[in-house]
Amino acid sequence: MFDIAPGSTLAVLLKNAPLPPLETRILAGHALHLSRVQLITRADHAFTADEAARLSALFARRLQGEPIAYLTGQREFYGLDFEVTPAVLIPRPETELLVELASEYLPQHGRMLDMGTGSGAIAVAVAHQCPDAVITALDASHAALAIAQRNVQRHRAAVRLLQSDWYAALGKEIFDLIVANPPYIAQNDPHLAQGDLRFEPADALTDHGDGLAALRHIIDGAKTHLTPNGWLLLEHGYDQAATVRALLTAQSFDQVQSWQDLAGIERVSGGCRPA
Ligand code: GLN
């Protein structure tokens, strides 16, 4: 337990806090409703009893491991602010690669499908990049769709949201591009018991199997919902690129390839439906 006393200041807190300075600043800014600049100009402001209590509560939760993004309810992704709650995965920087590729592979006025949208981060970011795109984002989780809806509204993005267990509710609908960041962590992967992942929705992280079930299901159904020459782009785990390429090739996708994230890890693989 780390108690912050009323009358204490941010300058003192930054010296004594058991958290990295950046985290201390983010939590203080959130609890005191201060911008990054105000955190500097008001470093000597004495905390009121209320402020001290709010800060102490946030610190206690952070020290128990709760992700910063769930404590503040926000995470920046592709230069946009997204609302996040424990009902959705916290958007990751490596997923920005998928947004970049989607923006590149989507034709003018193209129809894109984002499968397992969670917070809606991918769909909203692509909508922001490609204002003429016709985007559908689906998720099986009603709780996730409620968050996605708020993010779509916040950014006035042209994204249609749909409750669907993968392809189940799509009928015969066809798209020019399908993207997904599906649950791809194997159920026995120790990472699930570490860091932020402990607090994220398990169904968004793992297929409760070998980590390939959702990827396989999406790949197997994609051709029925892709226009000829349409692309399927999938984010996957650091060691799954070769397997995902093999699954795409087995479904006779063309131009099967992988792309590296900023860390140099093959993070997205995809292919094109033959004409
Ligand atoms: N990239 C996330 C992680 O490794 C997992 C996201 C996912 O399963 N789609 O923490």
Q.
With θ taken as phi - 60° and the coefficients 6.51, -1.76 and 1.60, list the Karplus ³J(HN,Hα) couplings across segment 127-143 in order, rounded to whole Hz; mark glycine and proline as x.
A. 4, 5, 6, 10, x, 8, 6, 10, 10, 10, 10, 10, 7, 7, 8, 5, 5
Q) Among residues other than Lys172 whose Cβ falls under 14 Å from its Cβ, what is the net charge (Lys/Arg +1, Asp/Glu -1)? A) +1
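Does segment 74-182 classify as rounded, prolate or oblate by the C-alpha gyration tensor (a ≥ b ≥ c root eigenvalues; a/c under 1.5 gives rounded; else a/b over b/c gives prolate, otherwise oblate)?
oblate
Below 8 Å between Cα atoms, with a sequence gap of 6+, how large is the relative contact order for segment 114-235 in percent?
Reported as a whole number, the value is 26 percent.
Compute the signed sum of charges (Lys and Arg +1, Asp and Glu -1) over the other residues within less than 13 Å, Cβ to Cβ, of Ile265.
Net local charge, Ile265 excluded: -3.
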**Q.** Antiparallel DSSP beta bridges within segment 11-152, percent to nearest 5
**A.** 45 percent
Q.
Can you give me the % of accessible surface on the chain that is carbon or sulfur? Probe 1.4 Å, all protein chains present, nothing else counted.
A. 53 percent
**Q.** Residues whose placed amide H lies under 5 Å from that of Leu226, excluding near-sequence neighbours
**A.** Phe175
Q.
Counting only helical runs of four or more DSSP H residues, what would the 222 nm mean residue ellipticity of the chain come to if each run contributes -39,500 (n - 2.57) and the total is spread over all its residues?
A. -10500 deg cm²/dmol
Q) Of the residues Pro20, Pro201, Pro182, which exhibits the maximal mean-square fluctuation in a Gaussian network model of the chain defined by a 10 Å Cα contact cut-off? A) Pro20
**Q.** Exposure rank, largest accessible area first [Leu234, Leu89; 1.4 Å]
**A.** Leu89, Leu234
Q: Sort largest first and round to whole Å: the equivalent ellipsoid semi-axes of the chain, each the square root of five times a Cα gyration tensor eigenvalue.
A: 40, 19, 16
Q: Kindly report the accessible area of the chain per residue (heavy atoms of protein chains, probe 1.4 Å, no ligands, DNA or RNA), in Å².
A: 47 Å²
Q. Of the beta bridges DSSP finds with both residues in the chain, what % are antiparallel, to the nearest 5?
A. 45 percent
Q) By how many degrees, between 0 and 90 and to the nearest 10, does the Cα long axis of helix 96-105 differ from the longest principal axis of the chain? A) 30 degrees
Q) Amide H to amide H, which residues 5 or more places from Gln260 or on other chains are under 5 Å from it, using H placed in the peptide plane? A) Arg267
Q: Excluding Ala140 itself, calculate the net charge of residues whose Cβ lies under 11 Å from the Cβ of Ala140, where each Lys or Arg counts +1 and each Asp or Glu counts -1.
A: -3
**Q.** Prolate/oblate/rounded call for segment 117-256, Cα gyration tensor, a/c under 1.5 rounded
**A.** oblate
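Share of antiparallel DSSP beta bridges in segment 127-275, in percent to the nearest 5? Each step should come with its number before you reach the end.
Numbers: 10 of 21 bridges.
Bridges in segment 127-275 are about 50 percent antiparallel.
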**Q.** With Cα atoms, 0 to 90° folded angle of helix 49-63 axis to the chain main axis
**A.** 50 degrees
Q.
Considering only C-alpha atoms, what is the centroid distance from segment 163-182 to segment 202-243, in Å?
A. 12 Å
(Q) From Cα pairs below 8 angstrom and at least 6 apart in sequence, can you work out the relative contact order of the chain, rounded to a whole percent? (A) 14 percent
Q: Give the angle, between 0 and 90 degrees and rounded to the nearest 10, that separates the Cα long axis of helix 21-32 from the longest principal axis of the Cα atoms of the chain.
A: 80 degrees
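The values are calculated or read from the model by the stated rules, or taken from the named source; none is laboratory data. Keep in mind that what you see is a predicted model, and the values were worked out from it rather than measured. A quick note on method: Cβ atoms are made from the backbone with ideal geometry, for glycine too, and the neighbour counts reach across all protein chains shown. Ligands, DNA and RNA are excluded from the accessible area calculation, which covers all protein heavy atoms including side chains. Shrake-Rupley method; radii C 1.70, N 1.55, O 1.52, S 1.80 Å.
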